[in-house]
Structures are given as C-alpha cells and as structure tokens.
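Let me begin by presenting the structure, written as structure tokens, before commenting on it.
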Amino acid sequence: MTAMPVAGRYSPKRIEVGNCQNNQYVAIFLCTLIRQEKYRYNYGRKWHAEKMRESVIRLPSRNGAPDWDYMERFVKGLSYSANL
C-alpha cells in the first residue's frame, strides 16, 4: 500500500492506496476526486478515519483494475501540467 497525504481543512490525513503508482500526477488526480466529494462531509459529518475506510472513490479502470497510466496521462495532458 502507498500512503498519500490529503490536506483537510482542519486536520491533514494520510490515506493508503493499494497498488498505486506513487507519483505526483496520480496523487493530483486522486486529490481532485476526493475534493469533489467534500460536499458530503461538512460541518457535523466530518470525514474522519472510520468514514474514510467506508468511502468508495470511483477511479477509471481497465480490466477491473485502476488505470494508473490513464490518470497520469490525463494530468500530464492538462494545459498547466508543465508547471507541476
């Protein structure tokens, strides 16, 4: 498992991602997906460790496995990716 930091507004957390290519492009892709879910976890419904374990984040897949290469290519293809 690979641990990636995810900055929360009040308390930073690290999440573990199994069989992940550990690079900045995949991390940016995953952080963006997680941040898009923030509306579910505000005020009294904070995204704490127990809820993190129960959460499902949908990723692009190929043959039933996460497509890490696609995620990396997607971020590299963005117009501002040269600045990362």
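Values as computed for the structure displayed
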{"read-out": "Flag if I15 is at pLDDT below 70, surrounded by 14 or more Cβ atoms within 10 Å (Cβ to Cβ) and under 19 Å from P66 (Cα atoms)", "value": "yes"}
{"read-out": "Residue, modelled with the lowest pLDDT, within the range 22-55, restricted to residues that are in a helix (DSSP H, G or I) and polar (S, T, N, Q)", "value": "Q36"}
{"read-out": "Those residues of the range 56-84 which are in contact with a strand residue (DSSP E or B) (Cβ under 9 Å, 6 or more places away or on another chain) and in a helix (DSSP H, G or I), in sequence order", "value": "D69, Y70"}
{"read-out": "Yes/no for V56 being within 13 Å of the chain's Cα centre (by Cα) and touching a residue at least 40 places away in the same chain (Cβ under 8 Å)", "value": "no"}
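The values are calculated or read from the model by the stated rules, or taken from the named source; none is laboratory data. This one's a predicted model, so the numbers in the text were calculated from it and none came from an experiment. Using ideal geometry, Cβ is built from the backbone for each residue, glycine included, and neighbour counts are taken over all protein chains shown.
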